[in-house]
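What follows is a set of notes on a single structure, which appears directly below.
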Amino acid sequence: MKKLLLFIGAFLFSTLFYDKSIGLNLFLFSIITLIVLFVNNKDDFKNKRTLIYSGLYLVTGLAVFFHDSLVAVIANFASFFTLIGLLSENKSSIYVNWLNGLYTTIAGLFHRNFSFNETTQKVEQKKDVDYIHLAKIIIIPTIIVIIFISLYQNGNPLFSGIIDKIDLGFINFQWLLFAGLGYYLFSNIHKPIEVEPATELDLKTGNELAKSTTFSIPKLKKENQLGIILISLLNALIVLFLITDITFILNNEKVRASVFSSQVHSGINALIGSIVIAIVILLYVFRGDINFYKENKTLKRLAFAWIILNIILVLSISVKNSQYIYYFGLTYKRIGVLVYLTLAVTGLVSTLLKIDKIKNIWYLLRLNTKAAFIVLILSSTVNWDYHITNYNFNYAESMDIKYLIELSNNNALLLKEESKLRVFDKKTTWKINNKHRKYVRELEKNSWQELQYDNLKLESKQL
């Protein structure tokens, strides 16, 4: 039954993706993948984490149907690898899930059917499948039959005529090869495996920081003094900067575009760098035994103050970026700044928790990679091109129409609607109409596998 399911999966894989672009097929493939995984790993699907990640995987597949964006496709692939890796070992960290998921997808079949002998240091084939014998019973009879067919054709005209009439044109060998690829994929992932050294190391490594055997109070006293002086100076410096920065924001509600643009671009890049360096400095200062030094309370308070001040700095950058968006509209770069600032706050808060709870670097890595994954999934659910266009038309004080036209086809229908309500120059109107016309043609050519949400919107307008 399970082997039959793999063959059915391979047939559906080729039906969905052979010579097709991405659309509804990726969501349907997500459903098929979950069915194959559930049938072969029923006990694992009793785990809440497995159900959550399965739901996220389906959400990303659905996001691709609603808006065929690169972010949604990347999120779908990332959630696929995460789910496969989770089934291989549900207690491992998310970055180990990615490694196990990728390894299973590429080499799961070979891993299950070949084992590494530690004694002989050789890769040995497992006993349950004799691939050499299997190859013999397929290849040797096929070659011999072909030879005899050619001989009989020369010896009997009637037999030759029958062979000549056999038309194998209905067989699409490329489709069959694609189905073979699908079978290989499902054979790899139906029973997920793990990269043992990495997974074992991850499971053995906790989040707690341990006191070293070279614990030295005189040495720690010097480190504590250095840390207090350094972080005190950095606190004073960031307070001075925040005062001047907040003054600039409050007293310059509307400045010249060129000045504001230059200030924001150069300023944001520098401040983003400063936040990264701040986290690195704190990780270095609190890297080891200083966490267990009894006289480190002042150092900790200064560190917490610096983290909070850096969070205020993030808010300051957010205000500047929001002003920039208000004046000049949304773009992917400006959205990217907001995404980075979200991750930066996560990094700062997790650093604060690390210092307060005496955690190690693995704690930060686990928490922040999971946060990055969540941000990716949430980002995939938004049709950014549509919302960028909609915001810029309705809220931005100035708008770069050329930028909007150069975005993906996800905003083509909206651009067409806006062109009916607004007056553009002839060149801009032609570009919008041309983009819309090409996109409509693409939608009309879509097969059922390639269907997108915009196909349904277009049909509803035509009714």
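Every read-out reported here was derived from the displayed coordinates using simple, explicitly stated rules and does not represent laboratory data. Only a predicted model underlies this, so the values are computations on that prediction, with no experimental measurement involved. Positions of Cβ are backbone-derived with ideal geometry, glycine not excepted, and every protein chain shown enters the neighbour counts.
Points worth noting:
- Equivalent ellipsoid, the stretch 217-359 (semi-axes from 5 times Cα gyration tensor eigenvalues, Å): 34, 15, 10
- Among residues other than LEU99 with Cβ under 10 Å from its Cβ, the summed charge is -2 (Lys and Arg +1, Asp and Glu -1).
- Those lysines that a straight Cα-Cα span of less than 19 Å connects to LYS402, excepting residues fewer than 8 apart in one chain: LYS333, LYS416, LYS420, LYS426, LYS427, LYS431, LYS435, LYS438
- When each of TYR53, TYR103 is scored by the number of other beta-carbon atoms lying within 10 Å, the sequence from fewest to most is TYR103, TYR53.
- As a proxy for reagent exposure, THR389, THR214 were ordered by neighbouring Cβ count within 10 angstrom, fewest first; the result is THR214, THR389.
- Residues SER350, SER212, SER92, SER160, sorted so that the one with the fewest Cβ neighbours within 10 Å comes first: SER212, SER160, SER350, SER92
- In a simple Cβ point-charge model (Lys, Arg +1; Asp, Glu -1; nothing else charged), the chain has a dipole of about 1000 debye relative to its Cα centre.
- Pairwise label distance in nanometres, ILE229 with SER150, each label 7 Å out on the Cα-Cβ vector: 8.7
- Within the chain, helix-based [θ] at 222 nm, where runs of 4 or more DSSP H residues each add -39,500 (n - 2.57), nearest 500: -25500 deg cm²/dmol
- Sum of side-chain charges, SER350 neighbourhood, beta-carbon under 13 Å (Lys, Arg +1; Asp, Glu -1): +4
- Its residue count N fixes a reference of 2.2 N^0.38 Å for the stretch 384-462, and the Cα radius of gyration divided by that reference is 1.12.
- With Cα atoms, 0 to 90° folded angle of helix 131-155 axis to the chain main axis: 40
- FRET efficiency estimate (nearest 0.05) - Cβ-Cβ, PHE241 to ASP425, R0 45 angstrom: 0.50
- Three-way shape call for the chain based on the alpha-carbon gyration tensor, with the a/c threshold at 1.5: oblate
- Our note on the geometry: Cα centres of the stretch 27-90 and the stretch 178-214, 17 Å apart.
- FRET efficiency, 1/(1 + (r/R0)^6) with R0 60 Å, evaluated for THR142 and LEU250 via beta carbons: 0.15
- Sites excluded, GluC sites (Glu not before Pro) in DSSP loops with at most 16 other C-beta within 10 Å, longest stretch of the chain: 119-252
- Segments 328-337, 28-37 sorted - mean Cβ within 10 Å per residue, highest first: 28-37, 328-337
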